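Participant: Encoded as C-alpha cells, here's the structure I'll be asking about.
The values are calculated or read from the model by the stated rules, or taken from the named source; none is laboratory data. The structure displayed is predicted, hence computed values, not measured ones. For neighbour counting, all protein chains shown are included, and Cβ atoms are generated from backbone atoms with ideal geometry for every residue, glycine included.
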Amino acid sequence: MHGNMNIIFIDIDGVFSCTETVAEYYERTGKTDGWQVFRKGAIKSLTYILDNTNAMIVVHSTWAYTKSLGYIQDKFMEYGLSREHYERFIDVAVSDRSHRGNRIQNWLNEHERIERIVILDDSLDVEPYGDFLVFVNGDVGLTQKDAERAVQILNGGLM
C-alpha cells in the first residue's frame with residue numbers, strides 16, 4: 001500500500017453481534033451461541049463507512065485471539081459484506097488482552113504512515129484514543145448514525 005492509510009479499528013461483540021441479535025437468535029432456535037450472529041444493519045453501516053472513506057480495517061476484538069482473519073472476513077461476508085470490502089480487512093491487533101487502548105497503541109507503533117483512525121467499540125477501554133471512539137450501543141450494534149460519525153472522523157471533519 002502506498003501513501004498514508006486511514007484505519008478503522010473494529011470490535012465485534014456489541015458492534016456487529018449485539019444483545020438484540022443474540023435474543024432474537026435464542027427465541028428462534030433455543031440456542032445460546034447467538035454471538036456468532038451479526039446484525040445485517042450493522043454490516044450495512046460498515047459498508048457505508050467503507051463506501052465513503054479509503055479506510056482499511058484492523059480487528060481489535062477478542063475474536064482475533066481465537067479466530068483467524070480469514071474466518072472473520074468470511075463471517076462478515078456471510079452477513080452481506082461485499083468481496084471488495086472483504087479485501088479491506090488487513091490485520092488484527094492482539095498484543096494486549098487486558099486493555100484495548102494498549103492493543104491499538106502497539107499496532108500503531110508497528111505501522112507507519114497512518115493518517116487517521118476511528119474506533120468502533122461498545123467499550124470505553126480505548127484510552128488514549130477516546131477522541132477517535134465511536135461508542136456503539138451494545139444492545140443494538142452499529143447504526144447509521146454511528147457510521148456517519150465514523151466517516152466524519154476519518155474524513156477529517158469535526159466530531
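Participant: Counting just the residues of the stretch 113-131 that are farther than 22 Å from M5 by Cβ and in contact (Cβ under 8 Å) with a residue 24 or more places away in the chain, which one comes out surrounded by the most Cβ atoms within 10 Å (Cβ to Cβ)? If you could, list the steps in order and put the result at the bottom.
Facilitator: Restricting attention to the stretch 113-131, the residues satisfying the condition of being farther than 22 Å from M5 by Cβ are 122-125, 127.
Next, from what is left, pick out any that are in contact (Cβ under 8 Å) with a residue 24 or more places away in the chain: 122-123, 125, 127.
Details: D122: 19, S123: 16, D125: 14, E127: 14.
Among residues in the stretch 113-131 that are farther than 22 Å from M5 by Cβ and in contact (Cβ under 8 Å) with a residue 24 or more places away in the chain, the one surrounded by the most Cβ atoms within 10 Å (Cβ to Cβ) is D122.
Participant: What's the number of the only condition in (1) touching a helix residue (DSSP H, G or I) at 6+ places or on another chain (Cβ under 6 Å); (2) crowded, with 19+ Cβ neighbours inside 10 Å; (3) in contact (Cβ under 8 Å) with a residue 60 or more places away in the chain that V134 fails to meet?
Facilitator: Every condition holds for V134 apart from (3).
Participant: Of the conditions (1) over 12 Å from the mean Cα position of the chain (by Cα); (2) assigned to a helix (DSSP H, G or I), N54 fails just one. Which one is it?
Facilitator: Looking at each condition in turn, N54 falls short on (2).
Participant: List the pairs whose first member sits in the stretch 60-87 and is without any contact (Cβ under 8 Å) to a residue 24 or more places away in the chain, whose second member is assigned to a helix (DSSP H, G or I) and crowded, with 18+ Cβ neighbours inside 10 Å, and whose Cβ atoms are under 7 Å apart, counting only residues at least 6 apart or on separate chains?
Facilitator: Y86/Q73; Y86/F76
Participant: A follow-up question, please. Conditions first: (1) more than 22 Å from R116 (Cβ to Cβ); (2) in contact (Cβ under 8 Å) with a residue 24 or more places away in the chain. R28 passes all but one, so which condition is the exception?
Facilitator: (2)
Participant: Just need a number here: residues in the stretch 137-154 that are of a type in the set (K, R) and either closer than 17 Å to C18 by Cβ or in contact (Cβ under 8 Å) with a residue 24 or more places away in the chain (or both). I'd like the intermediate steps shown before the answer.
Facilitator: Taking the stretch 137-154 first, the residues of a type in the set (K, R) are 145, 149.
Filter once more, keeping what is either closer than 17 Å to C18 by Cβ or in contact (Cβ under 8 Å) with a residue 24 or more places away in the chain (or both): 145.
Summing the residues that are of a type in the set (K, R) and either closer than 17 Å to C18 by Cβ or in contact (Cβ under 8 Å) with a residue 24 or more places away in the chain (or both) in the stretch 137-154 gives 1.
Participant: Which residues, taken from the stretch 150-159, are at pLDDT 95 or above and either closer than 13 Å to I10 by Cα or over 14 Å from the mean Cα position of the chain (by Cα) (or both)? So that I can check it myself, show each step before the final result.
Facilitator: Within the stretch 150-159, the subset at pLDDT 95 or above is 150-154.
Listed by number, the residues that qualify are A150, Q152, I153.
Results for (1) at pLDDT 95 or above; (2) among the charged types (D, E, K, R), shown as yes or no for each residue.
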{"residue": "G80", "(1), (2)": "no, no"}
{"residue": "V92", "(1), (2)": "no, no"}
{"residue": "D125", "(1), (2)": "no, yes"}
{"residue": "F132", "(1), (2)": "yes, no"}
{"residue": "F135", "(1), (2)": "yes, no"}
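Participant: Is there any pair with a first residue in the stretch 1-21 that is closer than 16 Å to Y86 by Cα and a second that is at pLDDT below 90 and aromatic (F, W, Y) whose Cβ atoms are under 7 Å apart and which are 6 or more apart or on different chains, and what are they?
Facilitator: I12/W63; F16/F38
Participant: I've got another one for you. Scan the stretch 57-89 for residues that are farther than 18 Å from V151 by Cα and within 12 Å of the chain's Cα centre (by Cα) and jot them down.
Facilitator: Residues satisfying the conditions are H60, S61, T62, W63, A64, I72, Q73, F76.
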